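The values are calculated or read from the model by the stated rules, or taken from the named source; none is laboratory data. Note that the structure is a prediction, hence the values are computed from the model and not measured. Neighbour counts run over all protein chains shown; Cβ positions are idealised from the backbone, glycine included.
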Amino acid sequence: MVNVSLKEFYAIEDQLEAEQMLVAKYRSYAESCSDASLRDKCNHVADVHEKHYNTLLGYLK
């Protein structure tokens, strides 16, 4: 386990919330796209932010 300061913890917590919101937004955008190529790109961006979320969450475990 990596030790993080309280300031770092709150920064990671804020970033986790931002990444969650981005995943939700891009998944929503993907669902509303009628163009398959654009839908794939939105899902890809959501996947990237989901990976960021999981990486950040790993710092807290």
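Computed values, structure above
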| item | result |
| --- | --- |
| Number of the exception - Tyr26 against (1) in a loop (DSSP other than H, G, I, E, B); (2) modelled with pLDDT of 95 or more | (1) |
| Filtered residue count, the stretch 4-58, keeping only those that are in contact (Cβ under 8 Å) with a residue 40 or more places away in the chain and surrounded by fewer than 16 Cβ atoms within 10 Å (Cβ to Cβ) | 5 |
